[in-house]
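The block underneath contains the structure these notes are about, expressed in structure tokens.
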Amino acid sequence: MSDPLIDLPLPEGIRARNVDNGNGLSMHVLEAGFDAPDRPCIVLLHGFPELAYSWRKIMLPLAAAGYHVIAPDQRGYGRTTGADTSFDADLTPFGFPNLVSDVLGLVSALGYRRVAAVVGHDFGSPVAAWCGVIRPDVFASVVMMSAPFSGPPAFAFDTAQDDPSRARIDVTAALMKDAVDGLALLDPPRKHYQWYYSGPQADQDMRHAPRGLAAFLRAYFHVKSADWAGNRPHALDGVTADQLALLPTYYVMNADATMPATVAEHEPSEKQAASCAWLTNSDLEIYASEYARTGFQGGLNWYRCGTDAHRAAALRTWSGATIDVPACFIAGSSDWGMYQRPGDFDAMRLLTCRNFRAAHLIEGAGHWVQQEQPATVASRILRFLRQDAPAF
């Protein structure tokens with residue numbers, strides 16, 4: 001962590017600074033629309049393996065529409081400091097309630113008691129969703145991107161009566177566990193990437209990828225984008241090992257593979273990489289230099305919370321809670337993310353979000369939708385705020 005920080009090549013109108021969030025972090029924040037007082041605030045939350053820098057293309061359009069736009073490096077990422085990013089870290093700070101506290105502390109430090117929208121992409125999507133669940137008084141609307149939110153894990157309901165027909169038992173976690181366990185029994189055996197990310201070797205595998213960190217990230221970003229012709233997403237028929245095995249190998253890996261080896265099979269050519277307009281080689285170098293400096297473990301600790309049944313059970317404090325503020329969903333039409341957990345998308349729009357307004361699938365984009373098609377994403381967010389979200 002002692003390597004010097006390079007200057008981020010930010011567009012004019014976006015600034016970077018660090019803000020004490022009052023929750024143990026000095027959060028590195030990118031801001032746009034900061035030069036006019038009393039603007040409503042939009043918070044942008046990145047996923048893995050990304051950074052606040054991933055929002056650089058939509059911040060100015062949102063600011064031009066009259067918002068103060070803030071995008072932090074989240075806990076364990078980039079230039080935000082104060083988190084224990086070791087594998088031996090206490091994982092409690094990486095759980096969703098504390099990640100919401102990180103965002104709440106940041107907007108409070110910036111002088112906001114209410115935020116027009118919290119927008120989350122990838123692993124930032126459930127953080128945004130939990131903001132809506134836990135503090136709807138602060139977060140006036142929620143935009144989830146690429147990763148649907150099916151709601152808090154639920155306690156069994158009405159099981160004390162001697163009438164099984166009335167009982168309601170949430171079997172989602174058990175089905176997913178059985179399906180993931182069953183991957184090892186397939187021929188050839190497979191494994192789920194989230195459980196691989198939860199293991200002790202993933203950070204070293206990626207930091208020391210055989211072809212170098214930049215080549216690994218280039219392949220990773222490429223294979224999950226619309227540039228890779230193999231992305232033809234569709235809904236799965238159920239939560240079984242056989243169905244999960246239909247997902248691309250970057251989600252359901254070969255049992256003996258590392259993530260660098262998995263994505264290297266589909267690495268773009270030098271010509272393809274050089275012509276990638278949505279992620280130039282200069283942009284890629286920002287990610288490579290940051291992750292070379294910090295490693296991936298800070299972000300991987302989020303996955304470890306997600307695959308720990310005891311930590312998931314602790315979230316049942318919010319059993320039955322819903323997102324009642326206006327909500328929408330945005331994803332690339334070539335993104336498998338909305339299908340990787342069967343049933344989550346329908347649960348989000350039909351059950352979890354009581355005020356669900358729209359789902360937008362953006363053509364010409366895969367998983368990195370706000371980078372691949374930034375103008376369309378910005379316009380969809382603004383349409384939601386102008387037409388669908390309440391007056392702020």
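The values are calculated or read from the model by the stated rules, or taken from the named source; none is laboratory data. These numbers come from a predicted model, not from an experiment. In this analysis, Cβ positions are derived from the backbone assuming ideal geometry, glycine residues included, and neighbour counts consider all displayed protein chains.
Among helices (runs of 4 or more DSSP H) entirely within the stretch 290-365, having at least 1 residues that are at pLDDT 95 or above and over 18 Å from ALA174 (Cβ atoms) singles out 297-306, 344-347.
Every residue, every condition in (1) farther than 30 Å from PRO40 by Cα; (2) touching a helix residue (DSSP H, G or I) at 6+ places or on another chain (Cβ under 7 Å), yes or no:
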{"position": "HIS121", "(1), (2)": "no, yes"}
{"position": "ASP137", "(1), (2)": "no, no"}
{"position": "ALA140", "(1), (2)": "no, no"}
{"position": "GLY151", "(1), (2)": "no, yes"}
{"position": "PHE155", "(1), (2)": "yes, yes"}
{"position": "ASP187", "(1), (2)": "yes, no"}
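What about ASP73, is it charged (D, E, K, R), crowded, with 22+ Cβ neighbours inside 10 Å and closer than 19 Å to ILE134 by Cβ? In short, no. Taking helices (runs of 4 or more DSSP H) that do not extend beyond the stretch 145-261, which have at least 3 residues that are surrounded by fewer than 20 Cβ atoms within 10 Å (Cβ to Cβ) and in the same structural domain as PRO97 (by TED's automatic domain parsing)? Helices (runs of 4 or more DSSP H) meeting the threshold: none at all. Across the stretch 330-348, what is the total count of residues that are crowded, with 19+ Cβ neighbours inside 10 Å and without any contact (Cβ under 8 Å) to a residue 24 or more places away in the chain? Of the residues in that region, 0 qualify. Of the strands (runs of 3 or more DSSP E) that lie entirely inside the stretch 1-85, those containing 1 or more residues that are farther than 14 Å from LEU106 by Cβ span 14-20, 26-32. Testing VAL142 on (1) surrounded by 15 or more Cβ atoms within 10 Å (Cβ to Cβ); (2) modelled with pLDDT under 95; (3) among the hydrophobic types (A, V, I, L, M, F, W, C), one condition comes back false. Which one is that? Checking VAL142 against (1) surrounded by 15 or more Cβ atoms within 10 Å (Cβ to Cβ); (2) modelled with pLDDT under 95; (3) among the hydrophobic types (A, V, I, L, M, F, W, C), the one that fails is (2).
Check whether at least one residue in the stretch 221-232 is of a type outside the set (S, T, N, Q), out of contact with any Lys or Arg (no Cβ under 9 Å at 6 or more places or on another chain) and under 15 Å from MET206 (Cα atoms), and report yes or no. Yes, the stretch 221-232 contains a residue that is of a type outside the set (S, T, N, Q), out of contact with any Lys or Arg (no Cβ under 9 Å at 6 or more places or on another chain) and under 15 Å from MET206 (Cα atoms).
Kindly indicate whether any position in the stretch 92-100 is surrounded by 15 or more Cβ atoms within 10 Å (Cβ to Cβ) and farther than 20 Å from CYS131 by Cα. No, the stretch 92-100 contains no residue that is surrounded by 15 or more Cβ atoms within 10 Å (Cβ to Cβ) and farther than 20 Å from CYS131 by Cα. Residue count for the stretch 357-381 under the criterion of being touching a helix residue (DSSP H, G or I) at 6+ places or on another chain (Cβ under 8 Å) and surrounded by 19 or more Cβ atoms within 10 Å (Cβ to Cβ): the result is 13.
Do we have any residue at all in the stretch 264-286 that's among the hydrophobic types (A, V, I, L, M, F, W, C), crowded, with 17+ Cβ neighbours inside 10 Å, farther than 30 Å from ARG383 by Cβ and free of Cβ contacts under 8 Å to residues at least 60 places away in the same chain? Checking the stretch 264-286: at least one residue is among the hydrophobic types (A, V, I, L, M, F, W, C), crowded, with 17+ Cβ neighbours inside 10 Å, farther than 30 Å from ARG383 by Cβ and free of Cβ contacts under 8 Å to residues at least 60 places away in the same chain. For the stretch 312-335, filtering for residues that are hydrophobic (A, V, I, L, M, F, W, C) and touching a Pro at 6+ places or on another chain (Cβ under 7 Å) leaves 7. Residues in the stretch 1-50 that are over 23 Å from LEU279 (Cβ atoms) and of a type in the set (Lys, Arg) were compared, and the one that is surrounded by the most Cβ atoms within 10 Å (Cβ to Cβ) is ARG39. For the stretch 266-289, the set of residues classified as under 20 Å from PHE48 (Cβ atoms) and assigned to a helix (DSSP H, G or I) consists of ASP283, LEU284, GLU285, ILE286, TYR287, ALA288, SER289, listed by residue number. In the set SER165, SER125, SER150, only one residue is under 29 Å from ARG15 (Cβ atoms) and either small (Gly, Ala, Ser) or out of contact with any Leu (no Cβ under 9 Å at 6 or more places or on another chain) (or both); that residue is SER125. With respect to being among the hydroxyl-bearing types (Ser, Thr, Tyr) and buried (at least 22 other Cβ atoms within 10 Å of the Cβ), SER319 falls outside the description.
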